[in-house]
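Below you'll find the structure, written out as structure tokens, and then a few comments.
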Amino acid sequence: TRVIPSLPFSESSVFAGTLLAFEKFVFLLFLSGLVTLCFGALFFLPDSVRLKRIFLSKNENPAVTVGSDNELSKKVPGDPEHLRAGLKGGEGANVKAQEPAARDERVTSAAHNGERASAYSYEAFKKCLLKPALGKNKGTPSDSETLQRREKVKEMMKFAWDNYKRYAWGQNELRPLTRNGHIGNMFGGLRGASIVDSLDTLYIMGLMEEYEEAKEWVQNNLNLISNGEASLFEVNIRYVGGLLSAYYLTGAEIFKQKVVELGEKLLPAFNTPTGIPRGVINLGSGTSWSWGWASAGSSILAEFGTLHLEFLHLSQLSGNPLFTEKVMNIRKLLNKIEKPHGLYPNFLSPVSGNWVQHHVSIGGLGDSFYEYLIKSYLMSDKTDQEAKKMYYSAMEAIETNLVQKSPGGLTYVAEWRGGILDHKMGHLACFSGGMIGIGADDGPTEQRQHYLDLAAEITHTCHESYSPTKLGPEAFRFDAGAEATATRLSDRYYILRPEVIESYMYMWRLTHDPKYREWGWEAVEALEKHCRVDAGFSGIRDVYASTVSHDNMQQSFFLSETLKYLYLLFSDDDLLPLEDWVFNTEAHPLPVIRKTCLWRNFPWTISET
Ligand code: DMJ
């Protein structure tokens, strides 16, 4: 008991007050010490403790140091090794939910941008190219007929562009019959798909005024703050691919800035238990889900398997290895999972990491996955041995199980449904002529000529399907007497797709057989005759009908792919030489990454064996 001396009232109360204030001060001092101590202790808790994750959430996805090959897979959280290990042999049903915070990835990535943006030099990149991108003379062919044909293709591009500009500017695609724009639901509220898809085509063709308009639109109007539901695949191949190419061809910083910003918005799609992204993502909230039509909430092989090229370049430009890490994780899972007869089915569960259905196709749902394997190898300056191995093993399985000869002698690639063959080929599958062609040279020595022959045979079959209008149906069959013809009314449409022409372009470059240029010209004439309308180009509903019926849609890939491949077909080979450039699946050229040159010891080398 404390004795308080007797003092006058006022003095004693002042004294008592002082004493209380002093006690309060000591108490507060003690309290703040305690809080500091507890907070400090959080750092010593294991990462898995929830409390730590709540208070120190920014450290959940710490920046990863680029430089050491294996550092990446060890350090990036949100994709822990134990989740991958659980997927061995496709028996990973028991994996735990992965929950990296999407926002944290963006924060980490932004930090990387700041840190590393200065480390990237466009000038240094250009020195890594073996040849000038546009060739000695912009690929101008020396013979006058080819030149005239090329000029025609350029005129078609200008016509398609001018009409888009006039009637649909800023919207995604042109409806040439009704002369208005189309937004669609694939791009999650993003606009200007035809503009972004056309940037490189305009530039390559020397349509500079139009290119400048397009660039200005990207600068002032391409708004990435959108809250819509987007197809991860479509946004990646058209917007990410289009902006990347535009940047690499022109060096305009705006494209780099936009593409990195957009790439970061796609990262949350990978927040699944396996790291296999879902097909649809809300670009605002980062929420993702599977297509309603995909069986049992599965992800589609051709969608999650068609990110590799663009994501490696996103890492190059941003300095953020997360992009590479995400696609390497997909690669790792696909490499390890058991494959029926060596084949890759089209549907995979992003939760269990198991195949959902045994439908295999080199056309729709599967196609560009195979394309990205061989192109990953080529884009890595032929160092990505894992991609190479996966591609040639897949090719072997495809040849053993799917490649067929029709009674009329046409080579085709059938579809496979749990062991039963469906003797049909989609227009989409016709890209495989070109793919097998560009892969021929790096296959086993004794197979090289065989692959080149196979590529030529498939391209020939696809050309056969282009009849009688000289435009091809969406799907054609080889049963019940059919020889590369559509037997169902619903398969007879042509929506300005590029795949057959794409194969002509590659086969021309590889063989210089003049028939490919002739076939390309046939297609130009047919496009002019059947698809050109007063205000643009339109798809048609029935390639066999004598009276044409238009579908009123000028697809953005017509400008990005069909016309670009035609232009390249009638150009010299030094316009975008294949030693330096790899085309993404939307025909956007991406440069080969020479690791000795572009970027120090970049982490895809983790796949080298
Ligand atoms: C394009 O968007 C791409 O080529 C994609 O790989 C498949 N579909 C269209 C063209 O047909």
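Step through the residues of the range 347-352 one at a time and calculate ³J(HN,Hα) from phi using the Karplus curve (6.51 cos²θ - 1.76 cosθ + 1.60, θ = phi - 60°), rounding each to whole Hz and writing x for Gly and Pro.
Values per residue, Gly and Pro as x: 10, 9, 7, x, 8, 8 Hz.
Take residue 579 and residue 522, extend 7 Å from each Cα along the Cα→Cβ direction, and tell me the distance between the two endpoints in nm.
3.3 nm
Between residue 404 and residue 227, with labels modelled 7 Å along Cα→Cβ, what's the label distance in nm to one decimal, could you check?
With each label point 7 Å from Cα toward Cβ, the separation is 5.0 nm.
Between residue 162 and residue 219, what FRET efficiency comes out of the Förster formula 1/(1 + (r/R0)^6) with R0 = 30 Å and r the beta carbon distance, rounded to 0.05?
Details: r = 21 Å, r/R0 = 0.70.
The formula returns an efficiency of 0.90 here.
In a shell of Cβ-Cβ distance under 14 Å around residue 547, excluding residue 547 itself, what net charge do Lys and Arg (+1) and Asp and Glu (-1) give?
Values: positive: 492, 529, 541; negative: 542.
Residues close to residue 547 contribute a combined charge of +2.
Could you list which residues have their amide H under 5 Å from that of residue 357, counting only those 5 or more apart in sequence or on another chain, with H placed in the peptide plane?
The answer is 347.
Taking the Cβ of residue 443 as the center, what net charge do the other residues with Cβ under 13 Å away carry, scoring Lys and Arg +1 and Asp and Glu -1?
Numbers: positive: 382, 388, 389, 448; negative: 396, 399, 441, 442, 446, 453.
Around residue 443, the charge tally is -2.
Which order, highest average first, do 405-416, 163-174 follow once you tally other Cβ atoms within 10 Å for each residue and take the mean per peptide?
On the way: 405-416: 18.3, 163-174: 20.4.
Taking the mean over residues of other Cβ atoms within 10 Å, the ranking is 163-174, 405-416.
Taking amide hydrogens as modeled 1.01 Å from N in the peptide plane, which residues meet the under 5 Å criterion relative to residue 251, leaving out close sequence neighbours?
Here the answer is none, since no amide H 5 or more places off falls under 5 Å of that of residue 251.
Amide H neighbours of residue 542 under 5 Å, at least 5 residues apart or on other chains, H built in the peptide plane: list them.
Under 5 Å from the amide H of residue 542 lie the amide H atoms of 494, 549, each far enough along the sequence or on another chain.
Modelled label-to-label distance, residue 442 and residue 550, 7 Å Cα→beta-carbon offset: nm?
About 4.2 nm, to one decimal.
Please name which of 403, 444, 481 has its Cα lying farthest along the dipole of the range 390-497 towards the positive end, using unit charges on Cβ (Lys, Arg +1; Asp, Glu -1) and the Cα centre as origin.
Farthest towards the positive pole: 481.
Could you tell me the calculated FRET efficiency between residue 338 and residue 393, based on Cβ-Cβ distance and R0 = 22 angstrom, to the nearest 0.05?
0.95
For the range 429-439, take each phi angle, set θ = phi - 60°, evaluate the Karplus expression 6.51 cos²θ - 1.76 cosθ + 1.60, and give the result in whole Hz per residue in order, putting x for glycine and proline.
Ordered by residue, 3J(HN,Hα) equals 5, 6, 5, 5, x, x, 4, 5, x, 6, x Hz.
At a Förster distance of 25 Å, what's the computed FRET efficiency of residue 596 paired with residue 140, Cβ-Cβ distance as r, to 0.05?
Working: r = 32 Å, r/R0 = 1.30.
Approximately 0.15, to the nearest 0.05.
Quick note: the coordinates plus some simple rules give every number you see, no bench work behind them. On a predicted model such as this, the values are computed, not experimentally measured, just so you know. Don't worry about glycine lacking a Cβ; one is built from the backbone with ideal geometry, like all the others, and counts go over all protein chains shown.
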